[in-house]
Structure formats: structure tokens, C-alpha cells
1. In the stretch B:231-294, what trypsin sites (Lys or Arg not before Pro) fall in a loop by DSSP, with at most 14 other Cβ atoms inside 10 Å?
2. Hey, what's the Cα Rg ratio for chain A versus the globular rule of thumb, 2.2 N^0.38 Å?
3. Between Rg and the Kirkwood Rh of the stretch B:293-540, both from Cα atoms, what is the Rg to Rh ratio?
4. Near A:ASN236, within a Cβ-to-Cβ distance under 13 Å, what is the net charge of the other residues, with Lys and Arg +1 and Asp and Glu -1?
5. Can you list residues from other chains, or at least 5 along the same chain, whose modelled amide H is less than 5 Å from the amide H of A:HIS164?
6. Give a residue-ordered list of calculated ³J(HN,Hα) values for the stretch A:318-333 (Karplus: 6.51 cos²θ - 1.76 cosθ + 1.60, θ = phi - 60°; whole Hz; x for Gly, Pro).
7. Using θ = phi - 60° and the Karplus relation 6.51 cos²θ - 1.76 cosθ + 1.60, list the HN-Hα couplings for the stretch A:145-159 in order, rounded to whole Hz, with x at every Gly or Pro.
8. So what's the gap between the Cα centers of the stretch A:95-132 and the stretch B:380-445, to the nearest angstrom?
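The values are calculated or read from the model by the stated rules, or taken from the named source; none is laboratory data. All of these numbers come straight from a predicted model, not from anything done at the bench. Backbone-built Cβ (ideal geometry, glycine too); neighbour counts: all protein chains shown. Side chains are part of the model used for accessible areas, which takes the heavy atoms of the whole protein and leaves out ligands, DNA and RNA. Shrake-Rupley method; radii C 1.70, N 1.55, O 1.52, S 1.80 Å.
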Amino acid sequence: MAYEPVLTKHINEPNSYTLDFYMKNQRGYEGLRKALTVTPNDIIEQVKTSGLRGRGGAGFPTGLKWQFVLKDTPKARYICCNADESEPGTFKDHVLMERNPHLLIEGCAISCYAIGAKVAYIYIRGEFYHVQEILEAEIEKAYTAGYLGKNIFGSGFDCDVYIHRGAGAYEAGEETALIESLEGKRAQPRLKPPFPAVAGLYQCPTAVNNVETLCNVPLIVLNGAEWFAKLGPEKNGGPKLYCISGHVKKPGVYEASMHTTLRELIYDHAGGVLGDRPLKAIIPGGSSVPLLTPDQLDIPASFDGVQKAGSLLGSAGLIVLDDTVCMVWLAMNLLHFYRHESCGKCTPCREGCDWLYKILQRLERGEGRSKDLDLLFGVSNNIVGKTLCAFGDAAATPVLSTMKLFRAEYEAHVREGRCTLPAAWRAKQPLFAGAH
Amino acid sequence: METVTLTIDGLQVTVEKGQSVLQAAIEAGISVPYYCYHPGIGVDGSCRVCVVKIEKMPKLQTSCSMACTDGMVVSTRDPEVVEARAGVFEFLLVNHPLDCPVCDKGGECPLQDFSYTFGPADSRMDFPRRVFDGEGVRADVDFGPTLMLNRNRCILCTRCVRFMREVDGDAQINIVDRGYGSEIATFSEEGVHSLMSGNLMDVCPVGAITTRDYRFKSRPWDNPNVVDTTCTLCSKGCSTSAWLKAKPEWAKGSQLIRITPRFNPDVNSYWMCDIGRFNYHWIEGDARLRRPMQRRGTALEASTWHEVEPRLRDAVQAAGSPDPASVRFLVSAHASTEELFVLKQLVEGLRGAGGLTSIAVAWTRTAKNQPAGTRFTIPATDAPNVNGARDLGYRVGAGNEGLPDLEDLRTAIEGGRVKALYVLDPGPEGSIGDVSWIVAARQSGTLPLLVVQGVLMTDLCAGADFVLPGAAFVEKDAIYTNDQGRVQAASRAIAPPGEAREDWQILVNVAAALGLSLAYSSSDDIRRALATAMPGSAYAQAGQITFTRPVPAKSWLQSSNPSERWKWDFMFQDLPPVKGHNVQTEDMGREGAYIPLRAVE
């Protein structure tokens, strides 16, 4: 049975972002209307039954997250929509906000109703400037049409949606760092506990949800939890957006069910490896997850499927790597990113990322010594599990994963004193010399 | 008190509910390192060196942020912990310049101490270190009027950031840039402008923030003795420690090398203000009075006590014999309770029960410019003992809440009704307020006789007929009553200079010269008499108040922060031997004995 997209069905049609289009083609705001006729608890129950899991990376059940939000408190509650999509290889939320913004706005409103919040903040990535303009205009239209604001549909439910633009920090995508940034502070993670569900934004109970997650909420309310659950394998229900990039013929965002295998995604959806070269490795969930090898292509691209294969679905940013990619260079490239984006709050991540990058640079320059491999391994392990947030683990993963799967390449760099790939392939590799 | 019981390294520990595992471990004497944690400021959890293993928890946890729960089983010595901790210590030193030999913190540095104990033997780092503002001492940059900053040494624990935000109330410090480029900074590099700035050196666990006052002045092992005393520069009365240098000649003759706050939960917590911290140089300054002086013609000439006392008696008797009420007294509220008690007995002996009316008490008030949200307010009253004077029956008007009333005295002096004025001013300069009108009255002859018992060669002293050199607050054991009504002991750290004497003794001798026998041979005697004279008051126990003597200053931490006190026992046992020989403190070892005067020049 062919999969019928639900999130991105209309994104290539003209004016798909407008309210009119949304009302005409996507049963616009019917989900919200329907939600307001039942109790907030019913919504949470529906989302729990649907098995919706957070699309931001961790795959935590959304209904459960909402249930944890402290109800017995005089404080305000908040929904924070995490639109700080910064994970390398991930660009799905961007498409949703740009082409289908009302789905997100409706999702925000329903989610607010579910947890008893009156305000949702969309924390949008600083670079998404034009997306912010679209969102702002469409939020305004939603207000005018009475889908946001006071007493929506005469139900007595008030909901405001605000946009806050980030200043360009990857770490602001971490939920507590996002909250700090939203409060006007440096985007640095907080100690947990307390979790945001207890003390989040302005120390009030808060749920932080990804854009794609919130976009799924109106669909669940409208079509039912069972419809949603049946779209994918058990516990991996619903539509899923995959961002496929790297050495493929047709990079882009693809919507599929989580029954789909990695092979189908790469070869059927994305048209296969660029130039029909051999596939060397895949990063299945954005730059922070371990690599998978070509022999693992037939696993389902679901949260559980990818985890079983030894990696994580993460943000579903598939980075496809063909045989021209030097793995030491890959690790160095990624560490350049992590070293630059580490917030610097905790010691292992602040000092470790920079150190790892310098060692990788030395290896890539051909000046590595054999003890550098142990050093890389040792430093990485001193970061993993010792940091305040998950950033440290994410930063060490590219090193540990490439060393585990492609140690011979590292050894060759040391032995030969240079990258062992053909010179023609190496020419494309910048060394970030003198960066910072 | 609700308590919880947990096990740390096999040791059963019972602590108050809500305490962190780190606090529990410290209290139980178990050594867990920490940098971002400080008992006086909020938990941050960022340095990661206090990691411990807690049963049933999958990952290592930072003990500073983990609240104790009943039955919790904690290990600080599990191999996993030891390895993880060593890893973090390696990271901390990856970019630290290790310039300990020229660093003011070297020798009392938590980064040194904990690294030796918990860090790996060597570093695997072989890249050039991160450098911010230059290398070596060039890296020291201005950090406001009182501080210097060396960013290379900084380990970004953010204690300074949080101190300014939470305690000072004005978040002047923050981190700029991020990741490996993070650095401590102030807006537009303006530096820290705060009356609390000195505390930043205390909270800094490395040599990144140092005070200009103490910079390059001494090494910790050259300050072998410390005295727990009390600051007397305002009515708050912060508990402090006065540090004494072993070789005063290495610091231009000064023994007093720095003053640091001492934890007192009821008064000053872990902090003190810059006024108390930095305003001590006058005590051993060139303006100190070292010998009694008397006027001969237009000049003041140095004299001796046995010469001055009879002449003073003659002068006072000559001036006061027609009308005893024409002898008046002006006393600074910097005078200790003992001195006020003796002075009261002196005037009552001379003039009967109403004698106190002849004494005016003086002090100054200065508005301290502090942020609205500060957690440490510095009182406006600059004197330590207005309440002590009030308790003894002196007229102090609105007390700490107001200004002294000297109008009566001034009118009397300017009206020529005062024939002799005796001023007691134990410093610092200016603390008795504006007395230029007294100087003017003496110069014009309206006031025929001026006696000043003081510590500094002020304009007032310069105009006096007799100058009696007294002792500054760190030179005598004395009690002061702070603005909370708390009777606090300020211990003697050093001896008065030259022939200067403790003020109570000068007063007793003056009384004797005037024919009054006040049988006190030590300040202890006075406190016992005070206790007897004021039963049922806050002074009833004054006779039992204990004063400390200079003790080996094992570490700055030990005397400034009791929750870190255990560290000494673990790590500082190999303190280098004290250089030189401190005559002063040797004398002080004699319990209760009066310390013979001895020139320290």
C-alpha cells in the first residue's frame, strides 16, 4: 500500500502556507474545534494512545511528557515549540513552518489546551528569517480569524502564540537551554531535575515540543489515535519526515511511514547514491548519532529499528556518505561544528571538544602519532556521560563511531602521514585552517 | 529538624533533609572536590569534578546538585568515579597556564590541591594553551578599581558571575563568547565596581581574580599566623580574619597583610565589604602616633608617658578647678565598650553620677552605594559601637539610625564655656566626623586646653596640647555591640606601635593621675566589672568572652569558610616551615598576660 503523505501532501502547491489554502485543503482548525469539545485530559489520553513520540531527537512519548506537566499549581503553564532546528543534516521543521505553518499554529493551540497553558512560544532558529516572516503573518491571520486569542470558538479557551527568534546557537535547541534563551539569558542548559515539566520557563511548568511533533497533534485529534498508530510500526506510529542529504541524487525532505527501510529511503525516495558510487556509511539521525554501515540498510527507519541497529533515529536527518569520504575528515568536520557550538558551561565539553578537534586536525594533516588514536578514544570517553547535557555525548559520538567502524583509516593516516584516499577526492576537503 | 540517612563510602551519614550529597560528604569529612559549588551561592553543576556514583542511578551524578534521600548509597571512590574525576581534572588543566610560581593563589589554591589529590599524574595535552590577554603577568588585566583579572587561569566555574548576581545584586560579570572561547568579562571591559568586589578573590578557586591590594605582596606560607577578629569599620561588625606576615620587613614593615571574611551566619555570612577589607593600611601607616606628645610653644614635642601624665594632670586641674563642668569629653563611637566603661567611671569619679552629660559621642554616616537587590547591606553608620555607648547610658540620640548630636558641645566650646576638651578617637582618620571647629577653637584660644587620645596624626592631634597614642582595633582585645545588639569580640592581632598603649590603659592611667583609682590591670578585668555592673543584660557574660590569639594560618580557606575546613586536614599537612621568627606572636602566646610594649621598628 502506497504511503499517502499527510504532513507534506500540499507543500509543493502554490500558496500552501496561506490560511485559505489550509482551510480548503487540510480541514483547517477542525482539529482545534474538535479538541475544545472534549476535556484536556482526553487530548492527553488520545496523544498517549496514538503513541506519538517526540520528533526532535529523543523520541520521548509526547503524551507522557504532557502528563508530567505539573497541573496542581497556581503558576502559569507554557508550551515551548522548539523550532531551533540546528542539527546538521536536519531541515524538516523548516519545510513545515514555511509551507504548512497553520498546522503548527493549530498544533500549538491544541497542545496549550491539553496542558492548561494559555501561551505558546515558538523559539525559531535565528537563521530562519524568512520563515519567521511567514509564521508571523499567518499567526496574525489566525488571530483575525479567531483561531487564536481570547475565547476561541466561544469555548472560553484563550491562547496566544508568540515567536521568539534565537541568536544562532545550536545549544539553544536543548530544551532547558532554549528556556534560558527565551528568558533572555545565555543559551546554556540547566541542571535537571527539576525538569521543565515542573519548573521550566520562568520556573513554571512547561512542555517543550518539536515543530513536527506539534504538527502531528491536530492530525491525531482529527483522525483518531488509532489511525495515527496504524500508520507505522508498533510504538512508532504516525507520519515521519526524513531529511536526506549528502551523496544522493535527490536530497530533500521525504515523508514516509516508519515501516520504510533505510534502503527504500536512500534508493527509492532519494534516487540512490550520487554517481551510483558505492555507499560507505549513513548517519541516520543528524550528526549526533553513531554511523550505520551499508549492511544495515534493510532495517526500518523507525525509532526502535534504528536503535536496535546500534544508532538513533534522532531528528531523522539521514546523511549519506559515499566511498570518497575520509572518515577522519568526517570526524574533524563534525568536531569543528561541535567545538564551535559547545556552550562552554561544563568542563568536559568545553575543553574536550576543542582538544578532540585539534587532534583530528593533526591526524588529517598527516602529523598524527600512533598514540593519538588512544588519546582520541580516551578524551572522547572522558566526555561521554560526564557532561551537563547531551551535547557532550553527541560531540564524542562521531569520533567514537568512526573509530569503531573505520579504525583502519585512522591507522592509515598515522602510518602514511596523509589521508590515504585518492588525491582527487581529498582536494575537496577544507581543513578549516586558522578557524578561530 | 527532618533528617535523612544515607551511606557514603560505607559510612552512615545523617543530615538535614534537603542537603546535597556534597554537603553531606563534606560534613562527614569525606573528600569530594568541587569548584562551581560554593556554600554561599547557588548550585551550578557545571565544573563536573564532584561526580559520585549513586546506586540505582545509571550515570555518575554531580553530588552538588543531588539532594540526599533516605537509604541512598553513594560512592566517591568507585573506580568509575576515580577515572571520570581524573578525566575532568585533566580537562581543567588542559588550558590552565600552570604559572603557580608567580600566581598569588599558589599555595592556597583549590585547583592545585584538588588536582594533586584527584587529578592524573600527567597531562596528555601537547597543543599550545589557550591564551586570552597575553602570557605571564601580561595576562593580568584591569578588572575595576580593586581587582585584576587573569583569564588564562580561569576555569569558568562562574562563582564570580553568580556572586555578583546573587549576593552583590548587580550582575556586572558574565561570560562572553562560548565554548572553548568563553571568558569572564564585564560590560565594555569596565571592570567590577562594587563595594563587595574583594569577595571575588575569595570565591575564585584559582588565581584568576586577585585584589590589587594583596597582589604580589605575599605567599600563603609567608602569612603563618591568623587571628579571628571582628571588623569595626561600621555598625555591622563582620567576623573577619587578620593575617600576619612572618617577615614584616618583606612588606615594608607591615605585619598585617590582609583581612578576609570569616563565616558568621548571623552577621555577614561568607562575605565582607571592601571598606573593611582594604582600609587597614592606616594601622601600620606612617601617620601612626608612636609616642606621647606635648605642646611647647607652637610645636608638639615627643615625650614619655611618665613625663606627660603629671603635666596633663596639672593642666586639666588648672583648667577645671574653677568649674569641673568646664571639662568636657568627646568620644568616637569607635571606642570599645571597655573604654567607654572606664571613661564613664572616670567622669563619674570626677563629677559624680551626672558625669555622663559631659561626654558627647561622635560618629559619621555614609550612604553606601549598593544595588537595590543586594543580599549584603552595608550600614550607613561607620562606627562599630554606637549601641555599646547607648547601653552604657551615653547620649547617642537616634543611635545607629541617625547622626550624633554635637551641637551642645559646639555651642559650649565656641561660647568659651569649655576650658578643657578630652577627645578619644581610636581611628581611622575622619571617623570622628568633622572636628575642624574644635581645631579652630583651640587655635583662637576659645578652647584653652585640648587633649587627644588617638592613633593618627590628624589635624586635631596637630592642634592639641597633649597627644596620647592609643591602639587601633586590631591592637587590643575589646568588645563592640553591633547594630543587631550583638556583643562581639575583636581580638588583638598585633601590638600597638612604639610606646602607644591600649586605650583602656591610658584612661586608667589618666584617672590615676587625676587621683582616681580604677583597679584594672587588664581588659579582662574591665569586662568582668562590666558584667557585674550590668547583670541581666547582653553584657552579663562579658567576663567569659574569649579572644583568639594568632594561630597558624593553615590556609585561607580554613578560616574563611568552615565548610571547606576539612580540606586542611587532608591536604595541607606539608605546609612549608615558617620562615623567620615572630617575636610578636610569641609574646602573645602567654595566656592572659599583659603584653609588654615593644618597638617593632
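1. Values: sites: B:LYS236, B:LYS245, B:LYS252, B:ARG258, B:ARG262, B:ARG277, B:ARG288, B:ARG290; in loops: B:LYS236, B:LYS245, B:LYS252, B:ARG262, B:ARG290.
Of the trypsin sites (Lys or Arg not before Pro), the ones in loops of the stretch B:231-294 whose Cβ has at most 14 other Cβ atoms within 10 Å are B:LYS252.
2. 1.00
3. Ratio value, two decimals: 0.95.
4. Summing Lys/Arg as +1 and Asp/Glu as -1 gives +4.
5. A:ILE122, A:TYR123, A:ILE124
6. With coefficients 6.51, -1.76 and 1.60, one gets 7, 10, 9, 10, 8, 6, 7, 8, 7, 6, 5, 4, 4, 4, 5, 4 Hz.
7. Coupling constants for the stretch A:145-159: 7, x, 8, 10, x, 7, 6, 5, 6, x, 8, x, 8, 9, 8 Hz.
8. The distance from the Cα centre of the stretch A:95-132 to that of the stretch B:380-445 comes to 70 Å.
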